[in-house]
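Asks: Structure incoming, see below.
The values are calculated or read from the model by the stated rules, or taken from the named source; none is laboratory data. Owing to the predicted nature of the structure, the values given are computational and were not obtained by experimental measurement. Note that each Cβ is placed from the backbone with ideal geometry, even for glycine, and that neighbours are counted across all protein chains shown. Note: areas computed on protein heavy atoms with side chains; ligands, DNA, RNA excluded. Shrake-Rupley method; radii C 1.70, N 1.55, O 1.52, S 1.80 Å.
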Amino acid sequence: MKQLWAPWRMAYIQGVSEKPENGCIFCVRDICGEDRERLILYRGEHVFIVMNKYPYTNGHLMIAPYRHTADLAELTDVEALEIHRLLVVCREVLKSRIAPQGFNIGMNLGQIAGAGITDHLHLHIVPRWSGDTNFMPVFADVRVIPQHLEATYAHLVTAFPESIR
Ligand SMILES: [Zn+2]
């Protein structure tokens, strides 16, 4: 296997990434003033948009409800609708800012399906480019990210509508 330079993986491997007290990185409703650090791009009414710190590709976003639930059937109609609306916003922002040629959009339900966090629902939006799998497996442990996370955050965040908070 080839060695890939992936410095963001070190924080993950060393376990130094911050974890809230209940251990869930998606329970952020009451956390103020840390949106940039947490890579939260947009806060909606019931749902928010965050960048994946360990992305499959550059610009890998996630949409999650504020409410801690693992069960799709427990989403309210209002939450489900806002997830869909923000999904459309994410697609437009990514198209305008980083011009992907396609998207993978979906949820990993359960550890066996690849979910890193199994008890708080989140929808993945993974931008795709021709050739991005030629040198890396999309759903494997080693990924190549050509643009630093913070630079990507700065590039994307201004394209979103102003957050509710
Ligand atoms: Zn949670």
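Asks: Conditions first: (1) surrounded by 12 or more Cβ atoms within 10 Å (Cβ to Cβ); (2) at pLDDT below 95. G116 passes all but one, so which condition is the exception?
Replies: (1)
Asks: What residue, among those in the range 43-57 that are touching a strand residue (DSSP E or B) at 6+ places or on another chain (Cβ under 7 Å) and open to solvent by less than 30 Å² (accessible area, probe 1.4 Å), is nearest to V78 (Cα to Cα)? Walk me through how you get there before you give the answer.
Replies: Restricting attention to the range 43-57, the residues satisfying the condition of being touching a strand residue (DSSP E or B) at 6+ places or on another chain (Cβ under 7 Å) are 46-52, 56-57.
Next, from what is left, pick out any that are open to solvent by less than 30 Å² (accessible area, probe 1.4 Å): 47-52, 56-57.
Values: V47: 10, F48: 13, I49: 16, V50: 19, M51: 23, N52: 24, Y56: 29, T57: 30 Å.
Checked the range 43-57; the qualifying residue nearest to V78 (Cα to Cα) is V47.
Asks: Another question, if that's okay. Considering only the range 76-122, state which residues are within 16 Å of the ligand (Cβ to nearest atom) and touching a helix residue (DSSP H, G or I) at 6+ places or on another chain (Cβ under 6 Å).
Replies: T118
Asks: Test of understanding: among A70, A80, which residue is part of a loop (DSSP other than H, G, I, E, B), under 15 Å from L123 (Cα atoms) and either modelled with pLDDT under 95 or among the aliphatic types (A, V, I, L, M) (or both)?
Replies: Within the list A70, A80, the selection yields A70.
Asks: Within the range 46-56, is there a residue that is within 15 Å of the ligand (Cβ to nearest atom), over 17 Å from T158 (Cα atoms), free of Cβ contacts under 8 Å to residues at least 40 places away in the same chain and among the hydrophobic types (A, V, I, L, M, F, W, C)? If you could, list the steps in order and put the result at the bottom.
Replies: Looking only at the range 46-56, we keep the residues that are within 15 Å of the ligand (Cβ to nearest atom), and these are 46-48, 50.
Imposing the further condition that a residue be over 17 Å from T158 (Cα atoms) reduces the set to 46-47.
Now narrow it down to the ones that are free of Cβ contacts under 8 Å to residues at least 40 places away in the same chain: 46-47.
Going one step further and asking which of them are among the hydrophobic types (A, V, I, L, M, F, W, C), we end up with 47.
The answer is yes; a qualifying residue exists.
Asks: For the range 57-67, how many residues meet the condition of being away from the ligand (no atom under 16 Å from the Cβ) and either part of a helix (DSSP H, G or I) or in contact with a His (Cβ under 8 Å, 6 or more places away or on another chain) (or both)? Outline the logic, then answer.
Replies: The initial filter retains those residues of the range 57-67 that are away from the ligand (no atom under 16 Å from the Cβ), namely 57-61.
Those still in the list that are either part of a helix (DSSP H, G or I) or in contact with a His (Cβ under 8 Å, 6 or more places away or on another chain) (or both) too: 60-61.
Count: 2.
Asks: Look at I40 and say whether it is modelled with pLDDT of 95 or more, within 15 Å of the chain's Cα centre (by Cα) and within 16 Å of H155 (Cα to Cα).
Replies: So I40 fits the description; yes.
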